[in-house]
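A.B. asks: One structure, as structure tokens, below. Some questions next.
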């Protein structure tokens, strides 16, 4: 891949930072001990794991012994939801979530429904926001878990997590949040926000893929998800992925050290991009909330266009972005998030997500806008539907 | 700048080798697997079709990596459902025997895919079909010719391509001597699909049980009716007209004491007409929805070699124009199992050119 490419799919994954890579390298072949071993090599590896645990804990205002390393954000979501549900079965079988969660949460909830759990999928408003009031109204005697994402991965809407946390605490219900997209973008304090469980993954903030963690508030009833050895205090068996854990620690420290500076830069680029596109290209709409929105997230629907064609043509112009639907082996159905905020199928199909990182520049925003004007024009010229509409207006 | 070609890749050996040949010829090749059909939930079990399953996507992607070409999966499910699946179901319910591959070629590979290719800035679409396309400047037309490997020839399913489509299509396998050569090339290139078996049957119908497929899709249970002879005498009960095709002898479910063949399907009366040996032969047929390749319009009657099914032998016949879009085909010798819904394709008497073809209506 050439350097001239513009990578704006940072909600999918991010390039790893040099510092992260450097911090990881010794843990492949120099400090190779098994953290569970008693001798020097093992102790050294253990030290690295624990230091990393401290960094992750600090980043979200938790205690180190509340952090459990996993292999991904998805694993953390699965673990939190399944194991809290199972551990609290005697208390009740009701779970509250939203219609716009990541599939790691939605599919896990659907699995639990097969096992006799009752799940409430709360609707969201046209901006993708769930109301704290709706959450409170959904709570029943049998509710054991509320799981609501911190920020949406497709449209970037930031949920009222603090209010929901307060409600959950008041009603004595365990509250889990998938914060995969939010870490390093908004300040999170699990105590201030009354979060009981939180999922995160390193590769969304310039850390390694295959690194993740679940925060579990002390005293929260939860079983172990992967059984075997005594790693992660008996909660997550399997030899620790030491290098990856080290990388996660370095990355989260970097990502949470300059949030306000970073988000100021990102939101400036984002707002410029949004305004330019909406102004210069007709029949477009912004999906998500105008202000309660992740700093790097842009999600726009282009009428009369398929997202798939748009992506391929952007790719040919050296721009890496994504649509609501992840093509290839996944599903090609229109995004459940866009449908949930009330978009029609055909409009949901023509949606584009541009997610920025600090590496992006204003010049790139201009290049993206100009490319979009050209590509959208070309694609619409091929659309019989657009021809009808534009003629009707003339 | 090399010319860009989009090649439809199924993950099978043919399209893989076709991609390799184009790459070798210096084209900038972009591999595309057309996502056509997801499969169905049958009795709670998910069944993938064979044509565009996830494993086919993986195979195609591996080949693309190996060849060092760009590769995409593109969604054509809506077009496929409308132009192939719905057509397939409608035809059977109307007492005809459809050919879904012809519809898929016409509407998907050589229409929808060409449009996507143009969007990507490609000059051509390529496929792994065994056929040749040549431009004849004396008549200023693109010609469709049988493949060098006559046993593999697939022109029967391609007769519907118009001049515009032919001008934008490459079929690099048409020059090869046959499947053995294809496999040899695949082996030589170390392509992972070198030993994959040929695909067979209808790609979207699991177990080839198309009657069950139609039932699952429409919810209309099979409607049993009468087997009758040519004079209307009832011979027995059939299970539903979609289960039968013209010329069929096996699977009628009744012993008649002598070989009996399906010679006609009467949708109105829900009857399947059976005849004795010999009556399943036809002296002539009427075809519609004509497409001609060697010329625009059939002005006068011509002699041609004619195929009435993919697997049928060529038969000599006279083609008589009835109207712009309708012809009568009169065979020198009566032909077996002339089936409404199937294509009839005309070839030049002494040559490899496809003259054209249409859909048998009677």
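The values are calculated or read from the model by the stated rules, or taken from the named source; none is laboratory data. These figures come from a predicted structure and were not determined experimentally. Counting neighbours? That spans all protein chains shown, and the Cβs are built from the backbone with ideal geometry, glycine included.
A.B. asks: Which ones in segment B:292-308 are in contact (Cβ under 8 Å) with a residue 60 or more places away in the chain and either surrounded by fewer than 21 Cβ atoms within 10 Å (Cβ to Cβ) or assigned to a loop (DSSP other than H, G, I, E, B) (or both)? Even if it seems obvious, please write down each step before you answer.
C.D. replies: Going residue by residue through segment B:292-308, those that are in contact (Cβ under 8 Å) with a residue 60 or more places away in the chain are B:292-295, B:307.
Listed by number, the residues that qualify are B:292, B:293, B:294, B:295.
A.B. asks: Limited to segment A:313-324, what total is found for residues that are within 24 Å of the chain's Cα centre (by Cα) and within 14 Å of chain B (Cβ to nearest Cβ)? Walk me through how you get there before you give the answer.
C.D. replies: First pass over segment A:313-324, keeping only residues within 24 Å of the chain's Cα centre (by Cα): A:314-315, A:319-324.
Retained after the next criterion (residues that are within 14 Å of chain B (Cβ to nearest Cβ)): A:314-315, A:320, A:322-324.
So the count comes out to 6.
A.B. asks: When segment A:352-385 is examined, which residues are found to be within 14 Å of chain B (Cβ to nearest Cβ) and crowded, with 19+ Cβ neighbours inside 10 Å?
C.D. replies: A:375, A:376, A:379, A:380
A.B. asks: Within 22 Å of residue A:218 (Cα to Cα), surrounded by fewer than 22 Cβ atoms within 10 Å (Cβ to Cβ) and in contact with a helix residue (DSSP H, G or I) (Cβ under 7 Å, 6 or more places away or on another chain): which single residue out of A:120, A:74 fits that description?
C.D. replies: Details: A:120 fails: within 22 Å of residue A:218 (Cα to Cα).
Result: A:74 is the single residue among A:120, A:74 that is within 22 Å of residue A:218 (Cα to Cα), surrounded by fewer than 22 Cβ atoms within 10 Å (Cβ to Cβ) and in contact with a helix residue (DSSP H, G or I) (Cβ under 7 Å, 6 or more places away or on another chain).
A quick yes/no check of all residues on (1) modelled with pLDDT of 95 or more; (2) over 17 Å from residue B:169 (Cα atoms); (3) within 20 Å of the chain's Cα centre (by Cα); (4) surrounded by fewer than 23 Cβ atoms within 10 Å (Cβ to Cβ):
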residue	(1), (2), (3), (4)
B:2	no, no, no, yes
B:11	no, yes, yes, no
B:15	no, no, yes, no
B:26	yes, no, no, yes
B:33	no, no, yes, no
B:45	no, yes, no, yes
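A.B. asks: Within segment B:248-271, work out how many residues are surrounded by fewer than 17 Cβ atoms within 10 Å (Cβ to Cβ), in contact with a strand residue (DSSP E or B) (Cβ under 8 Å, 6 or more places away or on another chain) and in a loop (DSSP other than H, G, I, E, B). Walk me through it before giving the result.
C.D. replies: Step one: list which residues in segment B:248-271 are surrounded by fewer than 17 Cβ atoms within 10 Å (Cβ to Cβ), which gives B:249-251, B:253-259, B:266-270.
Subset that is in contact with a strand residue (DSSP E or B) (Cβ under 8 Å, 6 or more places away or on another chain): B:249, B:253-254, B:256, B:258-259, B:266, B:269-270.
Checking which are in a loop (DSSP other than H, G, I, E, B) leaves us with B:249, B:253-254, B:256, B:258-259, B:269-270.
Looking only at that region, the number is 8.
A.B. asks: Restricting attention to segment B:148-165, report how many residues are over 20 Å from residue B:100 (Cα atoms) and modelled with pLDDT of 95 or more. Give the derivation first.
C.D. replies: Our first condition is that a residue be over 20 Å from residue B:100 (Cα atoms); within segment B:148-165, this holds for B:148-151, B:163-164.
After this cut, where a residue has to be modelled with pLDDT of 95 or more as well, the list is B:163-164.
Adding up the residues that qualify gives 2.
A.B. asks: If only one of A:329, A:309 is part of a loop (DSSP other than H, G, I, E, B), modelled with pLDDT under 95, in contact with a helix residue (DSSP H, G or I) (Cβ under 6 Å, 6 or more places away or on another chain) and within 14 Å of chain B (Cβ to nearest Cβ), which one is it? Before you say what the answer is, go through the steps one by one.
C.D. replies: Details: A:309 fails: part of a loop (DSSP other than H, G, I, E, B).
Criteria check complete, one pass: A:329.
A.B. asks: Residues of segment B:72-122 being more than 14 Å from chain A (Cβ to nearest Cβ), outside any helix (DSSP H, G or I) and surrounded by fewer than 19 Cβ atoms within 10 Å (Cβ to Cβ), which ones?
C.D. replies: The initial filter retains those residues of segment B:72-122 that are more than 14 Å from chain A (Cβ to nearest Cβ), namely B:82-110.
If we keep only those that are outside any helix (DSSP H, G or I) as well, we get B:94-99.
The one that is more than 14 Å from chain A (Cβ to nearest Cβ), outside any helix (DSSP H, G or I) and surrounded by fewer than 19 Cβ atoms within 10 Å (Cβ to Cβ): B:94.
A.B. asks: Looking at segment A:290-298, can you tell me whether even one residue there is under 30 Å from residue B:77 (Cβ atoms), outside the structural domain of residue A:47 (by TED's automatic domain parsing), surrounded by fewer than 16 Cβ atoms within 10 Å (Cβ to Cβ) and free of Cβ contacts under 8 Å to residues at least 12 places away in the same chain?
C.D. replies: Here is the first cut: in segment A:290-298, the residues under 30 Å from residue B:77 (Cβ atoms) are A:297-298.
Checking which are outside the structural domain of residue A:47 (by TED's automatic domain parsing) leaves us with A:297-298.
Next cut, surrounded by fewer than 16 Cβ atoms within 10 Å (Cβ to Cβ) only: none.
No - not one qualifying residue is present in segment A:290-298.
A.B. asks: On to the next question. Would segment A:338-346 turn up any residue that is modelled with pLDDT under 90 and within 14 Å of chain B (Cβ to nearest Cβ)?
C.D. replies: Looking through segment A:338-346, at least one residue is modelled with pLDDT under 90 and within 14 Å of chain B (Cβ to nearest Cβ).
A.B. asks: Suppose we keep only residues that are under 23 Å from the mean Cα position of the chain (by Cα) and part of a loop (DSSP other than H, G, I, E, B) within segment B:218-247. Which one would you say is farthest from residue B:339 (Cα to Cα)?
C.D. replies: B:244
A.B. asks: Let me ask something else about it. What's the total number of residues in segment B:49-71 that are surrounded by fewer than 21 Cβ atoms within 10 Å (Cβ to Cβ), outside any helix (DSSP H, G or I), within 11 Å of chain A (Cβ to nearest Cβ) and modelled with pLDDT of 90 or more?
C.D. replies: Matching residues across segment B:49-71 total 1.
A.B. asks: Let me ask something else about it. Test of understanding: among B:166, B:144, which residue is more than 14 Å from chain A (Cβ to nearest Cβ), within 18 Å of the chain's Cα centre (by Cα) and in a strand (DSSP E or B)? Lay out the reasoning, then the answer.
C.D. replies: Working: B:166 fails: in a strand (DSSP E or B).
Answer to the check: B:144.
A.B. asks: Okay, next question. Being in a helix (DSSP H, G or I), under 30 Å from residue B:32 (Cβ atoms) and away from every other protein chain (no Cβ under 14 Å) is true for just one of A:300, A:277. Which residue is that? Quick ask: steps written out before the conclusion?
C.D. replies: Values: A:300 fails: in a helix (DSSP H, G or I).
Unique residue meeting the criteria: A:277.
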